[in-house]
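Enquirer: Sharing a structure below in structure tokens format, with a few things to ask.
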Amino acid sequence: MSHFVLRCRGCGRILKDSYCAFCEHCKGSLVITEYTEPFKKEDKGLWGFNWLPVHHPSIHVGTPVVYKSEGLSEKLGLKNLYIVFSGYWPERNCLLRTCTFKEIEVATVIENAKENRINGFVVASAGNTARAFAYFSVITGFPVIIVVPLACLKEMWYVHENGNPATFVVIDGDYADAIDLSKRISEITGMPFEGGVKNPAKRDGLGSVLLSAVRVIGRLPEHYFQAVGSGAGAIGVYEMAERLIRERRFGTKLPRFHLVQNLPFVPMLRAWQRRSREISPEDVDPALIEKISTRVLSSRYPAYSVKGGIYDILETTEGQMYGVTNDEIYSSMELFAESEGIDIVPAGGAALAGLRQAVRYELVGNEDLILLHITGGGEERYKRDFRTYPVKPLFISKRSQKEEIEEALCTHLRS
Ligand SMILES: [Zn+2]
């Protein structure tokens, strides 16, 4: 007997025998996992959580660290600021070797896929997800073809010297182009596309960050801060909050969601300012992406309008969207390093910059229980301890012509 079922958010139907299911009736709705057991917060790492859609996990994976802040807390004048840090920070026993929360997501996705007899994926990523897939591909032998935008290639590094696991394809375009190309590669190779935000295993893996926080704090926070790109992480956290509310043991009110984007590429902020469910095309102009420092937040197809997506979360939790400048991000990265003692990635800096605005405009109270998610960090710290290796792409696609891709992949797969 499985401890979960999949349910369509649109029509409420339970979907049978379905991996990464899509409801045939409700194209604009997410399918969510429904757990049939109460939440057990056993202190046994990630797989100690029974609210993950896997039965027999074997991958060794770390968890985020959750702690009550002192340094940053004092600087911001907040008495109940908790930090959930996903990255590499051995001093706090946080050992995510690819330095972001994507590692938890990908471990969950691969375990879930294996149980559903899926033997490999095509993945599109602007950075962190690719690194996490590459890492687990080495460790588990699970085959992956990864498509990344050229501008993100410098962020691609391996942690294993003798790993040549994942196949990297680079596209001279942005994240949306990478998604388009990976869908074509999926057609050519027959390997399924990883599914993005529609994959419930992905969202539950990401949402487990909230379970880690509740395990330490003992209750749900009043405010949750995170930077958003595709929105998948925030949706995963929201879905976990909904499940926890139903239990009533950890609080009865959903946290307010405070979500942050990097100016001037802020499509969800603009739509929310208009209180519109639709993102307008001029707000996802690729020229805007050139100007931001957080490439991982550059998704032009965010899960905003879909039922159960970011628009609904903002509306249900009386949430708030923020736009922060590159300078605010850099200064927040510095502030975090000074006050908490570890380097963080720009997306983490963006989340903190959003929190600083919230404090300035009194959108949070000094005594409020706040959870700040630093989605990645410790890259500099990691590179002091270990050597990393740059990725060698299989080929760089300029026009993403079907024949060109087919030829390169066939040659590669035969070798
Ligand atoms: Zn449905």
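Nothing in this text is a laboratory measurement; each read-out follows from the coordinates by a stated rule. Just so it is clear, the model here is predicted, and its values are computed rather than measured. Here the Cβ positions follow ideal geometry from the backbone for every residue, glycine too, while neighbour counts run over all protein chains shown.
Enquirer: Checking the a/c ratio against 1.5 first, then a/b against b/c, what shape does the Cα gyration tensor give for the stretch 293-411? Mind showing how you got there, number by number?
Expert: Values: a/c = 3.00, a/b = 1.46, b/c = 2.06.
Oblate, because a/c is 1.5 or more while a/b does not exceed b/c.
Enquirer: Now for a different question. Is the chain best put as rounded, prolate or oblate by its Cα gyration tensor, with a ≥ b ≥ c the root eigenvalues, rounded for a/c under 1.5, and otherwise prolate when a/b is larger than b/c, oblate when not? Kindly include the intermediate steps, with their values, before the conclusion.
Expert: Working: a/c = 1.36, a/b = 1.23, b/c = 1.10.
It comes out rounded by the Cα gyration axes.
Enquirer: Can you give the FRET efficiency to the nearest 0.05 for Glu404 and His56, using r as the Cβ-Cβ distance and R₀ = 56 Å?
Expert: Details: r = 41 Å, r/R0 = 0.72.
That pair, Glu404 with His56, gives E of 0.85.
Enquirer: On to the next question. Return the calculated 222 nm mean residue ellipticity for the chain, to the nearest 500 deg cm²/dmol, obtained by summing -39500 (n - 2.57) across DSSP H runs with n ≥ 4 and dividing by the residue count. Show your work: numbers first, answer last.
Expert: Working: 13 runs with 150 residues, N = 415.
Helix-only estimate at 222 nm: -11000 deg cm²/dmol.
Enquirer: Please identify which residues in the stretch 294-309 have an amide N closer than 11 Å to a label point set 7 Å out from the Cα of Thr316, following the Cα→Cβ vector.
Expert: Inside the label zone: 307-309.
Enquirer: Please list, by residue number, every one of the GluC sites (Glu not before Pro) in the stretch 31-140 that is coil in DSSP and has at most 13 other beta-carbon atoms within 10 Å. If you can, show how the numbers build up before the last one.
Expert: Values: sites: Glu34, Glu42, Glu70, Glu74, Glu91, Glu103, Glu105, Glu111, Glu115; in loops: Glu42, Glu70.
Filter output for the stretch 31-140: Glu42, Glu70.
Enquirer: Can you give the extra length, in nm with one decimal, that the chain gains between Lys307 and Lys383 once fully stretched, where that is 0.36 nm per residue apart less the Cα-Cα distance? Spell out each step's value before the answer.
Expert: Details: separation 76, 0.36 × 76 = 27.36 nm, distance 4.09 nm.
Residue separation times 0.36 nm, minus the Cα-Cα distance, leaves 23.3 nm.
Enquirer: Compare the peptides 383-392, 318-327 by average per-residue count of other Cβ atoms within 10 angstrom and give them in order, highest first. Please list the in-between numbers first.
Expert: Details: 383-392: 12.2, 318-327: 19.1.
Packing order, densest peptide first, comes out as 318-327, 383-392.
Enquirer: Please tell me which of these pairs span more than 29 angstrom C-alpha to C-alpha: Lys27/Lys392; Lys44/Lys114; Lys307/Lys392?
Expert: On the way: Lys27/Lys392 37 Å; Lys44/Lys114 22 Å; Lys307/Lys392 39 Å.
Too far apart for the 29 Å limit: Lys27/Lys392; Lys307/Lys392.
Enquirer: Would you look at the GNM of the chain, springs on alpha carbons closer than 10 Å, and say which of Tyr361, Tyr311, Tyr330 moves the most?
Expert: Tyr361
Enquirer: Given springs between every Cα pair under 10 Å in a Gaussian network model of the chain, which of Phe133, Phe39, Phe142 has the largest fluctuation?
Expert: Phe39
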